[in-house]
């Protein structure tokens with residue numbers, strides 16, 4: 001009989017710490033509890049914990065000054081609720097750089113290396129690293145596993161990874177890393193034997209990207225050096241003409257902090273609409289708000305362009321998968337993004353699409369279009385179980 005292992009998955013962001021607690025036995029996983037420590041670094045911090053059925057079992061107001069405090073507060077709640085003793089903690093780490101190409105057991109050397117990567121993702125890496133260190137401080141003997149959002153893309157050919165910049169910058173690590181890799185890994189596992197020769201996965205959420213996969217291997221992706229690149233997102237602009245940045249620096253007096261706020265927090269759907277970064281809000285408002293309508297139109301147009309570009313890299317398209325919060329739930333975005341792609345053999349069935357069915361392509365569509373919910377926490381749990389308990 002296989003042993004049961006309890007695995008905590010932590011995803012520390014700039015203002016929240018999401019978690020999921022899994023029981024894993026014999027390759028089967030079941031959720032024990034999940035939730036979030038929210039509003040880290042702001043007033044009104046709150047911890048919410050739900051059981052396996054989604055029912056609230058804890059909700060408390062806490063001062064969550066920084067990620068370490070949030071992780072400690074979560075462990076306090078776990079103990080108060082008498083949740084099972086942990087066997088391993090898995091972490092989603094946004095950036096693994098050029099050399100971390102697979103999940104790894106956390107060591108002091110790995111932490112030191114991740115700290116050297118902070119400059120590559122200054123908004124994301126400090127919280128992730130602090131989460132790892134907070135667990136180690138609380139439970140120093142508890143194994144931890146780091147899963148890198150960039151690792152999936154490390155098999156891309158150099159022509160896709162390189163920017164057209166001098167060689168010394170490539171050697172210094174300035175390259176297209178890609179992100180959402182843990183989500184893409186999960187979708188690949190969910191597809192199983194159904195992985196086609198030419199596949200595009202569209203992870204559409206507040207952060208959004210796509211990956212082109214050829215014969216099960218990553219070929220290209222839309223995000224680049226940072227998660228701000230690619231196509232338009234909730235609060236990020238996607239790719240910009242470098243001249244725009246130079247203009248803002250030289251003519252408008254922007255400094256690095258102002259540029260960071262612009263490209264990470266003030267652009268994208270929010271910047272264009274002036275209303276919200278939430279797609280549902282914008283879809284509801286676009287009938288009476290021209291700016292909301294333009295934001296949605298631009299978003300769908302840029303998704304369509306990205307599909308076309310990646311299909312060109314693949315030499316055609318056999319399957320398109322939508323995932324992420326928007327990809328899974330916004331039927332209107334899926335429909336509008338796929339309009340005009342008949343030349344790729346792609347046709348959407350409106351009834352299937354509106355009801356969020358698994359397959360939303362029409363019966364005569366040469367390209368299958370599917371909607372598959374992602375589960376990054378579960379992917380992290382699987383990696384952690386495989387590394388720490390390889391015999392099951």
Single unsatisfied condition, residue 163 versus (1) within 18 Å of the chain's Cα centre (by Cα); (2) touching a residue at least 40 places away in the same chain (Cβ under 8 Å); (3) within 25 Å of residue 265 (Cβ to Cβ): (1)
Residue satisfying all of: in the stretch 27-52; in a loop (DSSP other than H, G, I, E, B) and out of contact with any strand residue (DSSP E or B) (no Cβ under 9 Å at 6 or more places or on another chain); farthest from residue 9 (Cα to Cα) among these: 43
Tally of residues being within 20 Å of residue 5 (Cα to Cα) and either exposed (fewer than 14 other Cβ atoms within 10 Å of the Cβ) or within 25 Å of the chain's Cα centre (by Cα) (or both) across the stretch 54-79: 3
Where residue 310 falls short, out of the listed (1) in a helix (DSSP H, G or I); (2) closer than 30 Å to residue 104 by Cβ; (3) free of Cβ contacts under 8 Å to residues at least 24 places away in the same chain: (3)
Failed criterion for residue 305 (all others in (1) farther than 28 Å from residue 103 by Cα; (2) surrounded by fewer than 21 Cβ atoms within 10 Å (Cβ to Cβ); (3) touching a helix residue (DSSP H, G or I) at 6+ places or on another chain (Cβ under 6 Å) hold): (3)
Count of the stretch 26-53 residues which are more than 23 Å from the chain's Cα centre (by Cα) and in contact (Cβ under 8 Å) with a residue 60 or more places away in the chain: 2
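Filtering the stretch 166-193 down to residues that are in a loop (DSSP other than H, G, I, E, B) and farther than 22 Å from residue 370 by Cβ, which residue is nearest to the chain's Cα centre (by Cα)? Outline the logic, then answer.
Let us first name the residues in the stretch 166-193 that are in a loop (DSSP other than H, G, I, E, B), namely 166, 172-180.
If we keep only those that are farther than 22 Å from residue 370 by Cβ too, we end up with 166, 172-177.
Working: 166: 30, 172: 25, 173: 21, 174: 21, 175: 19, 176: 16, 177: 13 Å.
Residue satisfying both the conditions and the ranking: 177.
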Looking only at the stretch 197-207, and only at residues there that are surrounded by 17 or more Cβ atoms within 10 Å (Cβ to Cβ) and closer than 18 Å to residue 313 by Cβ, the one that is nearest to the chain's Cα centre (by Cα): 203
For residue 74: the one exception among (1) part of a loop (DSSP other than H, G, I, E, B); (2) within 21 Å of residue 378 (Cβ to Cβ): (1)
Matching residues in the stretch 86-127 - criterion: being within 14 Å of residue 151 (Cα to Cα) and assigned to a helix (DSSP H, G or I): 114
Those residues of the stretch 97-127 which are crowded, with 17+ Cβ neighbours inside 10 Å and touching a residue at least 60 places away in the same chain (Cβ under 8 Å), in sequence order: 97, 103, 104, 120, 121, 124, 127
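Against the condition modelled with pLDDT of 95 or more and either more than 26 Å from residue 318 (Cα to Cα) or in the same structural domain as residue 321 (by TED's automatic domain parsing) (or both), how does residue 176 come out, does it pass?
Here the answer is no, as residue 176 does not meet what is asked.
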Candidates 70, 52, 3, 20, filtered to the one that is at pLDDT 90 or above and under 16 Å from residue 385 (Cα atoms): 20
Per-region count, the stretch 130-161, residues touching a strand residue (DSSP E or B) at 6+ places or on another chain (Cβ under 8 Å) and buried (at least 22 other Cβ atoms within 10 Å of the Cβ): 11
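Conditions tested, residue by residue: (1) outside any helix (DSSP H, G or I); (2) modelled with pLDDT of 95 or more; (3) over 30 Å from residue 4 (Cβ atoms).
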{"position": "303", "(1), (2), (3)": "no, yes, yes"}
{"position": "325", "(1), (2), (3)": "no, yes, yes"}
{"position": "346", "(1), (2), (3)": "yes, yes, yes"}
{"position": "373", "(1), (2), (3)": "yes, yes, no"}
{"position": "383", "(1), (2), (3)": "no, yes, no"}
Counted residues, the stretch 1-16 - those being buried (at least 23 other Cβ atoms within 10 Å of the Cβ) and either in a loop (DSSP other than H, G, I, E, B) or within 14 Å of the chain's Cα centre (by Cα) (or both): 3
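Considering 171, 220, which residue is outside the structural domain of residue 97 (by TED's automatic domain parsing) and surrounded by fewer than 19 Cβ atoms within 10 Å (Cβ to Cβ)?
171
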Test: residue 83 is outside any helix (DSSP H, G or I), within 21 Å of residue 45 (Cβ to Cβ), touching a strand residue (DSSP E or B) at 6+ places or on another chain (Cβ under 9 Å) and at pLDDT 95 or above: yes
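When you scan the stretch 218-226, do you find a residue that is over 22 Å from residue 337 (Cα atoms) and touching a strand residue (DSSP E or B) at 6+ places or on another chain (Cβ under 7 Å), even just one?
Yes, the stretch 218-226 has at least one match.
The values are calculated or read from the model by the stated rules, or taken from the named source; none is laboratory data. Just so it is clear, the model here is predicted, and its values are computed rather than measured. Using ideal geometry, Cβ is built from the backbone for each residue, glycine included, and neighbour counts are taken over all protein chains shown.
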